[in-house]
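The values are calculated or read from the model by the stated rules, or taken from the named source; none is laboratory data. Quick caveat, the model's predicted, so the values are computed rather than measured. Every residue, glycine among them, receives a Cβ derived from its backbone with ideal geometry; neighbour counts consider all protein chains shown.
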Amino acid sequence: MQEDILKIGPKSFHSRFILGSGKYSMKLIEAAVRDGGAELITVAVRRANTKEKESILDYIPEGVTLLPNTSGARDAKEAVRIARLGRELGCGDFVKIEIMRDSKYLLPDNEETVKATKILADEGFVVMPYMYPDLNAARDLVGAGAAAVMPLASPIGSNKGLATKDFIQILVDEIDLPIIVDAGIGRPSQACEAMEMGVDAIMANTALATSGNVALMASAFKDGINAGRKAYLAGLGRVLNRGGDASDPLTGFLRD
Amino acid sequence: MDNRFFIDSEKLSPAALKKKHRLETDPSCRKDPMAYLPGMEKIESNIKDRVLSAVAEYDPSIYTAKDVRAALEHRRCTTEDFKALLSPAAAPFLEEMAAKAKLETEKHFGNTVYLFTPLYIANYCENYCVYCGFNCYNDIRRLKLSAEQIEAEMKVIAASGMEEILLLTGESRGKSGVEYIGEACKLARKYFRSVGLEIYPLNSDEYRYLHECGADYVTVFQETYDIEKYETLHLAGHKRVWPYRFDAQERALKGGMRGVAFSALFGLSDFRKDALATALHASLLQKKYPAAEISLSCPRLRPIINNESIRPLDVGERELCRILCAYRLFLPFAQITVSSRESAAFRDGIIKIAATKVSAGVSTGIGDHESKYEGKENENEKGDEQFEISDSRSLKTMYEEIEKEGLQPVLNDYLYV
């Protein structure tokens with residue numbers, strides 16, 4: 001089988017598991033890299049905005065790409081400022097845009113996200129926008145220069161799985177950029193299911209952070225994602241409806 | 001009324017004493033607590049009325065164990081559920097409430113515990129709030145730090161590793177005006193990542209000015225939502241105007257602040273009603289301003305200088321814990337702060353259940369950080385404390401102890417944009 005590479009902007013990744021930043025801890029980063037095989041790790045710029053001992057940047061293992069996010073931004077202007085600050089702090093050119101005007105559900109604001117994507121992509125950032133899975137907004141993000149599109153599966157931190165499954169499927173079918181499911185994936189089986197649909201990668205955090213054994217769960221996610229990816233590449237077998245196929249073909253009447 | 005709060009200083013002039021006694025004993029000489037004073041901004045908001053009517057309807061005695069069980073089983077804690085959880089019927093369910101609260105806290109905050117410290121820069125006050133150590137009739141050493149003194153204090157605090165600061169003053173526009181506080185904010189931005197304010201309520205344009213000076217969080221304690229009781233405790237000064245205080249958080253948000261904090265001072269009135277009002281106040285305001293970051297505090301009355309009789313036990317630790325669990329279930333996304341008014345043991349326990357933020361290295365006095373942090377006897381003058389604290393652990397100790405518990409201390413998770 002040909003090597004299966006995930007390309008985002010200028011970089012290639014072998015792993016399709018991305019660690020989110022929701023519940024950050026060193027133990028989690030270590031497990032995600034060692035046991036989950038993560039090569040891309042999210043870091044909240046506002047959280048990295050700290051003096052000395054807590055500085056997350058110091059703990060990121062070599063060979064891992066940092067994905068700073070703009071959490072805390074309430075509009076495009078703030079997201080742009082945070083992204084630039086992340087670059088100044090040494091977080092690199094990748095940026096995950098998160099814009100929330102809601103402190104309760106933390107749902108992304110697609111309109112502002114499109115605006116920020118345009119500005120940052122023009123400035124040379126590799127922009128990965130977190131969004132509510134809406135086809136029109138996703139197309140606007142492509143037009144704005146996004147490097148990937150990151151629809152949510154269900155409310156962030158909820159571990160509720162693919163609540164927006166049908167809408168994510170539409171993005172997979174219509175958008176020619178990597179589709180990375182972000183937020184809400186609570187189990188490896190849900191990650192697997194998303195990958196089977198043709199999603200390109202999974203971002204997760206809470207599911208690992210709140211599990212009884214972080215390292216083991218990281219490894220379970222890796223397996224689930226790989227299984228789903230392989231199934232997608234292999235092409236899923238047919239699913240029989242109503243117990244069987246009609247024995248008389250519907251088109252049997254055609255004579256030539 | 002209960003006069004355990006009234007203390008006469010020998011230094012008061014006969015005229016001042018006479019005025020004080022009149023305020024204490026003759027309600028007719030006190031101003032209407034619902035009437036705005038000149039200069040106070042009035043905003044259009046129905047949140048007050050909604051909170052007050054909910055509290056008026058609340059009868060904690062009607063709830064039963066069945067209501068509490070139902071509340072614990074619901075996916076989402078409704079206002080009715082919250083009322084049941086605060087009611088006496090919920091007392092036997094404390095452990096179950098704690099278990100559920102712990103899950104919610106972890107869901108929203110992981111295992112993080114945020115750390116901050118307060119810095120009192122002035123203790124002059126124009127209010128007569130009978131339970132407060134800073135009240136204008138209390139004989140204490142008054143002080144307002146100069147810009148140089150503020151900076152010196154900040155340097156000492158910043159050197160301890162602290163990155164979030166809460167600036168406090170007494171309530172005196174005359175002695176510690178908005179511009180003075182603005183200068184303190186600008187200095188704080190130099191030494192800290194996150195700057196909050198706990199000062200007298202302001203108009204929205206003044207909040208905007210302070211936001212531009214570097215502050216992003218505003219804490220205003222309503223003390224009690226029981227207006228009749230409020231009137232008997234806040235006898236004179238701007239603070240007496242209950243509705244102006246109530247709308248302070250909304251004016252702060254209108255002024256561009258990112259987050260606002262709410263609290264009642266438990267022990268002043270019926271704590272169940274005050275807890276209900278506090279959480280509803282926060283919840284309704286967040287609904288109106290969805291981007292606002294919401295935070296709740298839970299102070300209980302503490303002893304003050306010159307008055308040993310303030311040791312209210314009405315709200316015991318079990319009650320306080322239950323209030324905090326109920327807060328967590330009703331507002332799972334809200335930050336909950338537990339101050340050094342509470343003991344080390346209580347704070348160590350509650351951060352594993354519901355609280356997400358604690359203070360460390362606390363002094364409620366003025367200008368005494370160098371002596372408290374570094375053991376140096378400061379030649380400078382010091383101002384007296386607002387109240388006695390219970391947990392005097394340093395940042396270093398708190399940090400290490402939080403880590404030891406398997407939790408993650410966080411010094412900053414904020415950017416000024």
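Checking each residue in region A:138-157 for being surrounded by fewer than 23 Cβ atoms within 10 Å (Cβ to Cβ) and free of Cβ contacts under 8 Å to residues at least 40 places away in the same chain picks out A:139, A:140, A:142, A:143, A:144, A:145, A:154. Across region B:183-198, a minimum of one residue is classified as part of a helix (DSSP H, G or I), buried (at least 22 other Cβ atoms within 10 Å of the Cβ) and small (Gly, Ala, Ser).
Among residues of region B:224-234 being touching a residue at least 60 places away in the same chain (Cβ under 8 Å) and crowded, with 24+ Cβ neighbours inside 10 Å, the one that is nearest to residue B:169 (Cα to Cα) is B:234. Annotation: of all residues in region A:8-29 being free of Cβ contacts under 8 Å to residues at least 40 places away in the same chain and more than 14 Å from every other protein chain (Cβ to nearest Cβ), the one that is farthest from residue A:223 (Cα to Cα) is A:12. Tell me, yes or no, whether region B:94-113 has at least one residue that is aromatic (Phe, Trp, Tyr) and either surrounded by fewer than 17 Cβ atoms within 10 Å (Cβ to Cβ) or modelled with pLDDT of 95 or more (or both). No, that holds for no residue. If the condition is being of a type outside the set (Phe, Trp, Tyr), in a helix (DSSP H, G or I) and in contact with a strand residue (DSSP E or B) (Cβ under 7 Å, 6 or more places away or on another chain), then region B:238-274 contributes B:239, B:240, B:245, B:248, B:249, B:252, B:253, B:274. The residues of region B:284-294 that are in a helix (DSSP H, G or I) and touching a residue at least 60 places away in the same chain (Cβ under 8 Å), listed by number, are B:284, B:285, B:288. On inspection, residue B:77 qualifies as surrounded by 12 or more Cβ atoms within 10 Å (Cβ to Cβ) and closer than 18 Å to residue B:90 by Cα. Filter region A:66-114 for residues that are among the polar types (S, T, N, Q) and either within 11 Å of another protein chain (Cβ to nearest Cβ) or surrounded by fewer than 24 Cβ atoms within 10 Å (Cβ to Cβ) (or both) and give the result. If the condition is that a residue be among the polar types (S, T, N, Q) and either within 11 Å of another protein chain (Cβ to nearest Cβ) or surrounded by fewer than 24 Cβ atoms within 10 Å (Cβ to Cβ) (or both), then A:70, A:71, A:103, A:110 are the ones that fit. The single residue among B:416, B:373 that is in contact with a helix residue (DSSP H, G or I) (Cβ under 9 Å, 6 or more places away or on another chain), modelled with pLDDT of 85 or more and either within 14 Å of chain A (Cβ to nearest Cβ) or part of a helix (DSSP H, G or I) (or both) turns out to be B:416. Does residue B:214 qualify as being at pLDDT 95 or above, surrounded by fewer than 22 Cβ atoms within 10 Å (Cβ to Cβ) and on the phi > 0 side of the Ramachandran plot? So residue B:214 fits the description; yes. Scanning region A:154-184 for residues that are farther than 16 Å from residue A:200 by Cβ and charged (D, E, K, R), which turns out farthest from the other protein chains (Cβ to nearest Cβ)? Checked region A:154-184; the qualifying residue farthest from the other protein chains (Cβ to nearest Cβ) is A:166.
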